[in-house]
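All remarks here apply to the structure that follows.
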Amino acid sequence: MRIQSRPYLTKTAGGEGFEIVNFLALCLFVGVIALWLYSAKGIVGTLGRFVGLGDKNTGLSSVEGSSNLPGKDYALSIVKEPTQPAYIIENTINVVITPQPTNIIEAQPTYTLYPTYTPYPENIVPDGYIKPSELWPENKPLPALGLDGFYQDKGEEITLKLSYYWPPLGGINCDIINGFEECRFLSNGLDFRDFVGKTVACPVEFDLGDIVCFDGYCFVCQDRGGAIVKENNSYWIDILYPYLPDGYFWSQEVIGRHFSSNVWSNGD
């Protein structure tokens, strides 16, 4: 091989013997090589990874896993940017909680003999129970209205408002006890059938056993009623009878008298 002498290299470096055609040919050759490398960068990169150059794990898409927490499953999505250092991975973890079906525990009824909200079952007829319609036979005569031997010349003068009730009709004429219409007994525990036409339901301002009278009719207070109250200066009374005396109407106000049980029981 022929080696140029130092004087020739010195002249060349100084610009002597420079040819423009050779320079342009050199530039064209370098450009072709660069274009080929650019178009073949995918092949070059694959070849480099194959021989161990570069990072093989440039894209870690997703990893699915399950948490060890009871009753909860999680789907984890781990995203790593190819240009980020490896230690940044823990700061770029996105946790997506996927709702899982929940087992709903439905309350089961407690099968006890009796419901807890009432002391007795409603479907068992109480001992001695009589249906309202059977309490007073249709062909049984009614006693005369009013007590015998009481007069209105004594006692406190009051204003009464008239009403009546008849237990054999049921409904509002009775109480409801354990799901059954209780129509037989008065508030003092006595059987109403022994006092038909002789007793009234009175407001709580009157004691059980007191006497009220109006226009020659006298009655003993032995029962109560939800609507039998003092209204302004008048006192409702509910006569135990299928109807009011002739000539009177419901809610009519009359002047009457009130006798305390402590007075008339002593014979005063």
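None of the figures in this text is laboratory data; all of them are computed from the coordinates on show. For clarity, every value in this text was computed on a predicted model and none was experimentally measured. Methodologically, a virtual Cβ is constructed for each residue, glycine included, from the backbone with ideal geometry; neighbour enumeration extends over all protein chains shown.
Are any of the residues in segment 256-268 touching a residue at least 60 places away in the same chain (Cβ under 8 Å), over 19 Å from Thr159 (Cα atoms), surrounded by fewer than 21 Cβ atoms within 10 Å (Cβ to Cβ) and among the hydrophobic types (A, V, I, L, M, F, W, C)? The answer is yes; a qualifying residue exists.
For the criterion of being surrounded by 12 or more Cβ atoms within 10 Å (Cβ to Cβ), in a loop (DSSP other than H, G, I, E, B) and polar (S, T, N, Q), Ser187 passes. Of all residues in segment 139-166, those satisfying the criterion of being surrounded by fewer than 14 Cβ atoms within 10 Å (Cβ to Cβ) and either of a type in the set (Asp, Glu) or in contact with a Gly (Cβ under 7 Å, 6 or more places away or on another chain) (or both) are Leu142, Pro143, Ala144, Asp148, Asp153, Glu156, Glu157.
The residues of segment 216-252 that are over 16 Å from Phe206 (Cβ atoms), touching a strand residue (DSSP E or B) at 6+ places or on another chain (Cβ under 6 Å) and surrounded by 14 or more Cβ atoms within 10 Å (Cβ to Cβ), listed by number, are Tyr241, Leu244, Tyr248.
Going by the conditions given, is Leu169 of a type outside the set (Gly, Ala, Ser), surrounded by 15 or more Cβ atoms within 10 Å (Cβ to Cβ) and farther than 19 Å from Glu134 by Cα?
Numbers: of a type outside the set (Gly, Ala, Ser): yes; surrounded by 15 or more Cβ atoms within 10 Å (Cβ to Cβ): yes; farther than 19 Å from Glu134 by Cα: no.
Answer is no for this residue.
With respect to Pro245, is the statement that it is within 20 Å of Leu142 (Cβ to Cβ) and not in a loop (DSSP other than H, G, I, E, B) true? Against the criterion (within 20 Å of Leu142 (Cβ to Cβ) and not in a loop (DSSP other than H, G, I, E, B)), Pro245 does not qualify.
Residues of segment 189-237 that are touching a residue at least 60 places away in the same chain (Cβ under 8 Å) and within 19 Å of Pro132 (Cα to Cα): Val196, Gly225. Restricting attention to segment 150-176, the residues being assigned to a strand (DSSP E or B) and without any contact (Cβ under 8 Å) to a residue 24 or more places away in the chain number 2.
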